[in-house]
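Colleague: Got a structure for you, questions after.
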Amino acid sequence: MTVYLPTRKPARPFFSSGPCAKPPGYSPDKLATTSLGRSHRAKIGKSRLALCIDLMREVLQLPDTHRIGIVPGSDTGAFEMAMWTMLGARGVSMLSWESFGEGWVTDAVKQLNLNPTVHRADYGQLPDLSQVDFADDVLFTWNGTTSGVRVPDGDWIPDTREGLTFADATSAVFAYDIPWDKIDVATFSWQKVLGGEGGHGVLILGPRAVERLESYTPAWPLPKVFRLTSKGKLAEGVFKGETINTPSMLAVEDAIFALEWAKSVGGFEGLKARCTANAEALENIVRERSWLRNLAADPATRSKTSVCLSVEGADADFIKTMTGLLEKEGAAYDIAGYRDAPPGLRIWCGATVDTTDVEALGPWLDWAYASVKSA
């Protein structure tokens with residue numbers, strides 16, 4: 001294959017594919033400072049935490065039937081909190097087609113000593129959703145961040161089911177239509193589609209999950225940061241801004257800023273449209289280059305946020321060199337695929353990225369690819 005090495009580097013975009021890519025126009029001096037340096041237990045601290053929860057509900061269009069809590073440990077902490085507090089009451093079915101889903105399987109088997117039914121698929125594929133038994137509690141990632149594969153919709157989840165549904169939705173919320181009546185537990189973190197700061201998770205509980213918490217006591221010990229009930233009842237304060245541990249009020253203010261920005265661009269529909277436009281722009285780049293392809297072969301299950309690409313003939317060293325060149329030029333940051341995934345690129349197309357920057361990435365990919373090939 002003939003490789004053309006551009007003699008001039010392309011115009012430089014501001015493009016970061018990292019999970020903390022900030023919204024356009026982001027400026028720290030726009031953050032509210034009234035709660036900074038104050039206790040999260042003070043009136044003002046509680047009010048800002050409650051505001052953050054209210055804004056998440058508004059932008060997500062979450063029904064009043066579901067509670068929202070801010071918890072420690074990012075999405076991992078939120079999802080493990082749900083697992084540790086609710087699993088064990090009935091059988092468990094788990095879906096795994098990328099590294100984080102497989103991590104939840106490891107938790108269930110090696111830490112909780114459960115014997116789950118596991119539906120697996122290789123990177124780029126999706127398990128057969130028709131084989132899932134909803135008499136079990138069912139755990140899955142809505143959008144596989146490290147494989148670029150997502151569930152197509154919620155139609156595969158029955159309206160009536162015996163078990164609970166647990167959705168790790170950290171790179172799916174604010175980007176896809178999620179049927180909340182079919183989701184009993186959902187988790188995410190601010191640093192994905194909102195471009196917020198890491199370290200805090202968000203736990204969403206539907207009424208059936210609350211019923212489980214109040215009627216079931218796990219056989220294993222629960223750390224303090226996992227405890228969601230008191231005297232057999234849900235600790236309602238957690239879902240009103242009375243966090244279990246001390247949160248970063250700076251991170252909370254950052255999340256509030258991101259949510260207010262989200263409202264300014266059209267709320268949920270605006271965020272979803274931005275994600276779709278970015279994914280389409282990247283798809284055009286892939287379509288025009290024979291050496292690039294989507295790791296997710298089926299467009300119906302291809303992520304619109306965390307898009308994973310294969311590079312023809314590239315091994316891990318090739319990708320490391322290629323992405324290193326892009327980072328050195330300030331053209332793109334953190335776009336190498338996840339360490340457990342096949343060697344390739346992972347391009348963040350979430351709402352905080354401008355479509356023009358995705359479009360500007362194409363020539364830079366040409367330059368970096370050709371530079372490594374000709375070396």
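The values are calculated or read from the model by the stated rules, or taken from the named source; none is laboratory data. If you're wondering where the values come from, they're calculated on a predicted model, not measured in any experiment. All Cβ positions, even for glycine, are placed from backbone atoms using ideal geometry, and neighbour counts span all protein chains on display.
Colleague: Filter segment 164-198 down to residues that are of a type in the set (Asp, Glu) and buried (at least 24 other Cβ atoms within 10 Å of the Cβ) and give me whichever is nearest to residue 354 (Cα to Cα). Before the answer, list the steps.
Modeller: Filtering segment 164-198 for residues of a type in the set (Asp, Glu) gives 168, 177, 181, 184, 197.
Keeping just the survivors that are buried (at least 24 other Cβ atoms within 10 Å of the Cβ) gives 168, 184.
Details: 168: 26, 184: 33 Å.
Of everything passing the filter in segment 164-198, 168 is nearest to residue 354 (Cα to Cα).
Colleague: Also, quick follow-up: Answer yes or no as to whether residue 295 is buried (at least 19 other Cβ atoms within 10 Å of the Cβ) and touching a Leu at 6+ places or on another chain (Cβ under 6 Å).
Modeller: No: the conditions fail for residue 295.
Colleague: For segment 51-109, give me each residue that is assigned to a strand (DSSP E or B) and among the aliphatic types (A, V, I, L, M).
Modeller: 68, 70, 71, 92, 94, 95
Colleague: Next question. How many of the residues making up segment 325-361 are out of contact with any strand residue (DSSP E or B) (no Cβ under 9 Å at 6 or more places or on another chain) and more than 30 Å from residue 268 (Cβ to Cβ)?
Modeller: Result for segment 325-361: 7.
Colleague: While we're here: What single numbered condition from (1) crowded, with 21+ Cβ neighbours inside 10 Å; (2) assigned by TED's automatic domain parsing to the domain that holds residue 137 fails to hold for residue 245?
Modeller: (1)
Colleague: With out of contact with any Asp or Glu (no Cβ under 7 Å at 6 or more places or on another chain), surrounded by 24 or more Cβ atoms within 10 Å (Cβ to Cβ) and modelled with pLDDT of 95 or more as the only criterion, which of 161, 120, 150 stands out?
Modeller: 150
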